[in-house]
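Accompanying notes for the structure given below.
Read-outs: derived from the displayed coordinates by stated rules, not from any lab. Since this is a predicted model, take the numbers as computed values, not measurements. No Cβ is skipped: glycine too gets one built from the backbone with ideal geometry, and neighbour counts run over all protein chains shown.
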Amino acid sequence: KGVEPKDRRQTFTASGKVLLNGKPVENAEVIFYYVVPPDEQAKLKGAKQVRSSDGITNAQGEFSLSTYTMGDGAPKGEFLVAVVPFKTRTGLDVKAPTIPEVYTKWQTSPLKTNIREGKNEVVLELKE
């Protein structure tokens, strides 16, 4: 069903790059989890973080975030970030990258960022 337009938060252009030991990571899914401020938690059934936006990296490790529609960016706020190997939804073979496990869950990932009004560029540096 999706998100009702009245419940949508304004989004801002957000793109970036994923690097592992300084090299671009291809075919990674970058997932942004919104850190819900205490005054908004009741509206979200007490949730302290919710999956918000995501994107898939290209051969140069670059991604654009999508929230409601393809490439629309992300809402402003603080985010925890997870990076996981992309699994194709089309059935075609995709060469999945090897990503250190610590980055694959928002609960353990040290990656955090803020999205602000305007254009946002995020560089995520992963280490083995």
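Quick rundown of the values:
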{"item": "Cut-off under 5 Å, modelled amide H: who pairs with Gln49 long-range", "result": "Val36"}
{"item": "For peptides 19-27, 78-86, 35-43, sequence by mean Cβ density within 10 Å, most packed first", "result": "78-86, 19-27, 35-43"}
{"item": "Which listed pairs, of Lys87/Lys119; Lys23/Lys43; Lys45/Lys105, have C-alpha distances above 32 Å, in listed order", "result": "Lys23/Lys43"}
{"item": "Average Cα contact separation per residue, the range 29-78, under 8 Å, 6 or more apart, as relative contact order %", "result": "33 percent"}
{"item": "The chain - charge dipole about Cα centre, Lys and Arg +1 at Cβ, Asp and Glu -1, debye rounded to 20", "result": "300 debye"}
{"item": "Distance histogram in 5 Å bins (all Cα pairs of the chain, percent per bin)", "result": "2, 11, 20, 23, 19, 14, 7, 3, 0"}
